[in-house]
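One structure is given here, and the rest of the page talks about it.
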Amino acid sequence: MMRISITTQWLRLSWLCALPLWLGACSLWPYHSAPAPIPNLPATWSGDVTCPGCVPHQQTLTLFADGSFHLRDEYPANQRRRGRESFYDIGQWSRLSGDESRLILRGGSETLRQFRLQHGGELRQLDASGADIRSIRDYVLTREKGLDPVAGPMRLLGKLSVDDTQLRFSECLTGREMTVIDGLPASVIKQYRVAQKLVNETGSAPVLASVIGVFSARLATSDEGSENASVWQVTVPRVLRFWPGEDCGIGAAAPSLPLRDTPWRVLAIANEPIKADPMAATLALRLHDDGKVSGHTGCNILRSQYRSDDSALNFDAVMITRRACMNPMAQALETTWIEVLRRTTAYRVVGSYLELLAGDRVLARLIANEMH
């Protein structure tokens with residue numbers, strides 16, 4: 001009788017586990033029902049995503065109906081930061097098949113950005129694996145009443161083409177075709193023609209270019225197509241470089257970004273990857289045109305000066321603020337990162353990656369925060 005009773009209970013349990021997950025029976029993972037489709041795009045979400053003990057961090061995300069997004073990470077000026085700093089990302093977004101409450105953003109970062117769409121319309125940040133972030137802080141972006149196009153200025157990579165009537169720019173990460181307004185200087189047009197000749201191209205044949213761009217967009221009227229369609233324009237105040245014969249590429253396949261004035265984030269030190277921690281600030285570095293260095297140790301803001309000649313690179317007088325690290329591992333990582341900067345004698349940029357070297361030895365590997 002006891003054996004029959006146990007078997008009966010097991011069968012009942014198996015039947016419950018076979019019920020749909022919306023009943024919650026025997027589920028080994030949290031289940032999130034899909035909210036309704038996102039209405040009235042484009043739309044903007046923003047919020048304070050400052051991690052505990054970190055410098056203030058405001059994030060703004062705008063989703064467009066064509067499946068593209070613009071994102072801005074903003075760090076306000078304070079007593080230890082010499083000015084407001086903004087970092088941008090653009091790319092394409094989609095909803096995850098099988099869990100449509102999750103939004104996947106594929107942009108310039110080497111990792112996917114992920115958010116969960118709440119039933120109230122908010123967007124909750126997720127960690128790198130797509131799980132909810134466990135923290136005393138709510139990493140939530142609230143939908144704004146107005147629209148922030150997150151226009152830039154930002155670094156863009158794309159194909160530039162010139163003809164007698166208009167200038168066109170095809171951005172790599174979104175595939176967006178745009179008209180360049182306000183024209184380009186004659187000197188830039190001349191560089192474009194020289195780049196064409198290097199690969200035996202003429203006319204309006206496109207050339208890959210890295211530019212500083214500022215977006216402009218308007219909603220199309222009903223006779224132009226969908227009422228949510230966007231007609232894109234971009235102003236190009238500066239062309240950074242042409243790459244004749246190159247195509248769009250991300251990561252190591254991308255044309256090499258400049259050492260100076262590119263925001264770099266540390267991926268690994270001595271071949272040991274830096275573990276992603278959404279509750280901590282990232283190790284960062286930026287070499288400014290005036291010879292000064294700004295960055296972060298994960299615990300503190302760092303300042304320094306640098307000297308660079310060809311492939312040589314040296315950092316002088318590395319200084320940091322005196323905020324205490326929250327745990328011994330963060331303290332050890334800060335010490336190691338400062339030692340890397342002091343030992344650096346050379347560098348190598350490959351695509352969107354920067355390697356800090358001591359002779360031929362790789363001390364650290366970084367990636368551009370703005371890949372494009």
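Ignoring everything but the protein chains, give the 1.4 Å probe accessible area of R106 in square angstrom, nearest 10.
Its heavy atoms expose roughly 130 Å² to the probe.
What order do M326, M319, M154 take when sorted by accessible area (1.4 Å probe), most exposed first? Write down the numbers at each step before the final one.
Details: M326 145, M319 115, M154 0 Å².
My answer, sorted largest first, is M326, M319, M154.
Of all the accessible heavy-atom surface of segment 66-169, with the other protein chains kept in place and a 1.4 Å probe, what percent is carbon and sulfur?
Details: 2280 of 5180 Å².
It is 44 percent, rounded to a whole number.
Taking the Cα atoms of segment 278-372, report the difference between the largest and smallest coordinate on each principal axis, in whole Å and largest first.
38, 29, 27
The values are calculated or read from the model by the stated rules, or taken from the named source; none is laboratory data. If you're wondering where the values come from, they're calculated on a predicted model, not measured in any experiment. We work out accessible area using only protein heavy atoms, side chains counted, and drop any ligands, DNA or RNA first. Shrake-Rupley method; radii C 1.70, N 1.55, O 1.52, S 1.80 Å.
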